[in-house]
Amino acid sequence: MKNTATDVLPAEGGLGNEPLLAVDDLHVEFVTRGGLVKAVNGVSYTLQPGETLAVLGESGSGKSVTAQAIMGILDMPPARIPKGEIRFRGTDLLKLPEDAKTQIRGQRIAMIFQDALSALNPVFTVGWQIGEMFRVHRGMSKRDAEKKAVELMDRVRIPAAKARVHDYPHQFSGGMRQRIMIAMSIALDPEVLIADEPTTALDVTVQAQIMELLAELQRESNMGLILITHDLGVVADVADKIAVMYAGRIVENAPVFDIYRHPAHPYSKGLLESIPRVDLKGQELYAIKGLPPNLLNMPTGCAFHPRCPYRQDNCVTDVPELYEISPVRNSACHYWREVLDGTDG
Amino acid sequence: MAPTDEVILEVRDLVKHFPLTQGILFKRQIGAIKAVDGVSFDLHRGETLGVVGESGCGKSTLAKLLMALERPTSGSVKINGRDMARARGGELKRMRRNVQMVMQDPYTSLNPRMTVGDIIGEPFEIHPDVAPKGSRARKVQELLEVVGLNPDHINRYPHQFSGGQRQRIGIARGLALQPEIIICDEPVSALDVSIQAQVINLLERLQDEFNLAYIFIAHDLSVVRHISDRVAVMYLGKIVELGKDTEIYDRPAHPYTQALLSAVPVPDPEGRQNRERIILQGDPPSPANPPSGCRFRTRCWKAQDICATEEPLLQIRPGTSHESACHFAESHDVVHSA
């Protein structure tokens, strides 16, 4: 018998022991002309309702690809997922039929993109684009959908929402466009919101407004928030826990206070030390030497070893497992004890 | 080398208005974008002046004016006492040699069809007196070495380099003509976090080595603080506060500076619940139609009637040690108060 979409959809209500969202040993590869690019190599993380998980990493670390895999918006091919599970309320999204995925994507798991101008359609009014969520997913009439769009624009505090609902994206400033993106993403009260560098293109003053808005919306609805960023300041402000990614792997995950106080992986430690600090003015900044690896030609053993001050011989040959430091902390470094103690390698 | 007292760049009442026109056949001017509207400052030899502000405040137009890529509507830019805004022809060409620029995006500011040697050597084509033809390749290799690249890579193309390495190529090109002033327009914002520190260290080393003066434009306030001797805060085409880095960061007097500093996320989660946050409402007004009096008054929590009628001048205010343009200026440490 063929399953209908509603049969396989994850239940609502209580969670039991299962986290809201669990990424488990996820692998994503891209088939390119240059060869097989392993963009994500065994990433695992969990998210609870109301929790903020920050995924920190440089370009090419796989942080956005992981998010796209959760949303199910990876282009396959060239991408493929050879291994891993993405469980939403206990149901593996990767095994769901396409029609069931559509029920989840955008409704129960929503996403905000970095560049709001290119994520919005320039030839439709913003009211039409926000209303589309209600017309497509809720079958509302045009007029009701527009009413809902105005309500949402009010909720994300766009001034004079009623007058601006018929404006086009180019008529809004960068911060207002990002608010429109947020309005679209929260339209159907998602349980998980993925924000991929939501403030990178914005000024700090506008960034503060947007982050405050996200925190408020999260408090109201108890959403789980995955914040993808490379900004250590934003992370310190809002995150509950952090997953640091490097070359397609999580190299450290920890509660936010632990990692800023005592990082347990040389890469997170290097990142934190390279922030300009007041007491170090006039001195040379600590810089992680070398370059991030080419994903087509990854170093053997630990991917960070060519840049690592703690490197020993076995780092070149053995891939470090994700060692458990405490029940809530892991580090993928053979020498995490030395890193944690602060003794130099 | 510490900055000296010798002024090498003197900017006075610099104004740049871009006309807004209407009509196709018969163009009429209906207004102007006041991108830079009366900016004055000095730059000393060997000094770094940081320029911060939101997008649209006129930072990049200011950079173009200093490079003489745009002609000012009024005001003067004097380099070593000579006015670049009035200079023409050969004189302008000689003056331009002295001011070079490092661009923001190392991916689009290097010509993909030129080799690194051609890119860094191109300034010598325009100013052949700096390096005679025979010695050019050697000069370029020296420059590559100075910025920490392999001199043997002179015949490679930009796509063969990473972002951080490309920014080094851009810096080498800026150094080629041995300028005294380098304008860095967001030089690290397009780079990965782990690479930014490398490039900042390089800029500081070069400053010491060649006694360069930098105008450092950036939106990352912690980077600006690290590298700058003095900082200018711009809002809607005007400098609203100007002072030493410690004065601006520890004792900001202008409400806009205070709001800007408090909006910067602190990379330390300790005490994040009690941190003071001044969140400005809305966006900056349009530079085509700036508010009367003080331009910040529409977003300011201190605004009174006088702010709408009388424009506050950039001057040292009672109780503060540096210049600010606010009728109600008072020092307030927003970063450390918790």
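Read the figures in this text as sums done on the coordinates, not as results from a lab. Fair warning: this is a prediction, and the values are worked out from it, not measured in the lab. Methodologically, a virtual Cβ is constructed for each residue, glycine included, from the backbone with ideal geometry; neighbour enumeration extends over all protein chains shown.
Taking chain A as the reference, fit the longest principal axis to its C-alpha atoms, fit the long axis of helix A:204-221 to the helix C-alpha atoms, and give the angle between the two in degrees, 0 to 90, nearest 10. Rounded to the nearest ten degrees, it is 70. Taking every pair of alpha-carbon atoms in chain B, what share in percent sits in each 20 Å bin, from 0 to the bin with the longest distance? That works out to 29, 55, 16, 0, in percent per bin.
What lysines could a cross-link reach from A:LYS142, if we take a straight Cα to Cα line under 24 Å and drop same-chain neighbours fewer than 8 places away? Reachable lysines: A:LYS162.
Less than 11 Å Cβ to Cβ from A:ILE325, Lys/Arg counted +1 and Asp/Glu -1: what total charge do the surrounding residues give?
Values: positive: A:ARG329, A:ARG337; negative: A:GLU252, A:ASP258, A:GLU324.
With Lys, Arg at +1 and Asp, Glu at -1, the neighbours total -1.
The Rg/Rh ratio for region A:260-341 is 1.00, where Rg is the radius of gyration of the alpha carbons and Rh is the Kirkwood radius.
Restricting to bridges with both residues inside region B:150-280, how much of the DSSP beta-bridge set is antiparallel, in percent to the nearest 5?
On the way: 6 of 11 bridges.
Percentage antiparallel, nearest 5: 55.
Helix B:193-210 versus the longest principal axis of chain B: what angle, 0 to 90°, nearest 10, using Cα atoms? Between helix and principal axis, roughly 70 degrees.
Starting from the Cα gyration tensor of region B:1-79, multiply each eigenvalue by 5, take the square root, and state the resulting semi-axes largest first in whole Å.
Working: eigenvalues 194, 32, 16 Å².
Values for region B:1-79, descending: 31, 13, 9 Å.
Checked against a 23 Å cut-off, the cross-linked pairs A:LYS63/A:LYS269; A:LYS101/A:LYS147; A:LYS38/A:LYS101; A:LYS63/A:LYS83 give Cα-Cα distances beyond that limit for A:LYS101/A:LYS147; A:LYS38/A:LYS101. Estimated purely from DSSP H runs of n ≥ 4, each contributing -39500 (n - 2.57), the mean residue ellipticity at 222 nm for chain B is -8000 deg cm²/dmol once divided by its residues. Within a straight-line Cα-Cα reach of under 13 Å, B:LYS302 can be paired with the following aspartates and glutamates, leaving aside sequence neighbours fewer than 8 residues apart in one chain: B:GLU330.
Evaluate the charge dipole of the protein assembly as shown about its Cα centre and quote only its size in Debye, nearest 20, assuming +1 on the Cβ of each Lys and Arg and -1 on the Cβ of each Asp and Glu.
Working: 76 positive and 85 negative charges, 460 e Å.
Charge dipole, the protein assembly as shown, about its Cα centre: 2220 debye, nearest 20.
With helices as the sole contributors, chain A gives -9500 deg cm²/dmol at 222 nm; each DSSP H run of n ≥ 4 counts as -39500 (n - 2.57), and the sum is divided by every residue. Evaluating 6.51 cos²θ - 1.76 cosθ + 1.60 at θ = phi - 60° for every residue in region B:68-84, the Karplus couplings come out as 6, 7, 10, 8, x, 5, 7, x, 10, 10, 9, 10, 6, x, 10, 7, 6 Hz, glycine and proline recorded as x. Calculated translational diffusion coefficient of region A:17-239 (37 °C, 0.692 mPa s; Stokes-Einstein with Kirkwood radius over alpha-carbon pairs) equals 181 µm²/s. For region A:104-113, 3J(HN,Hα) computed residue by residue from phi via the Karplus equation (6.51, -1.76, 1.60; θ = phi - 60°) reads 9, 5, x, 9, 9, 10, 10, 9, 10, 9 Hz, glycine and proline entered as x.
Counting only DSSP beta bridges with both residues in chain A, the antiparallel share comes to about 60 percent.
Residues whose amide H comes within less than 5 Å of that of B:LEU9, counting only those at least five positions distant or on another chain, are B:LEU43, B:ASN80 (H built at 1.01 Å from N in the peptide plane). Scalar couplings 3J(HN,Hα) for region B:132-145, obtained by applying the Karplus form with A = 6.51, B = -1.76, C = 1.60 to θ = phi - 60°, are x, 3, x, 9, 5, 4, 5, 4, 4, 5, 4, 5, 4, 5 Hz; x denotes Gly and Pro.
What is the mean number of Cβ atoms from other protein chains located within 10 Å of the Cβ atom of each residue in peptide A:236-243, rounded to a whole number? Kindly include the intermediate steps, with their values, before the conclusion.
Details: counts 7, 9, 3, 2, 1, 0, 1, 0.
For peptide A:236-243, the averaged partner shielding equals 3.
The antiparallel fraction among DSSP beta bridges confined to the protein assembly as shown stands at about 60%.
For the protein assembly as shown, the spread of Cα positions along the three principal axes, ordered from largest to smallest, is 86, 65, 55 Å. Of all lysines in the structure, those lying under 28 Å Cα to Cα from B:LYS139, and not within fewer than 8 positions of it along the same chain, are A:LYS289, B:LYS64, B:LYS93.
Per the Debye formula with a single identical scatterer at each Cα and no solvent contribution, what log10 I(q)/I(0) holds for region A:112-225 at q = 0.10, 0.23, 0.24 Å⁻¹? Debye output, listed in q order: -0.26, -1.43, -1.53.
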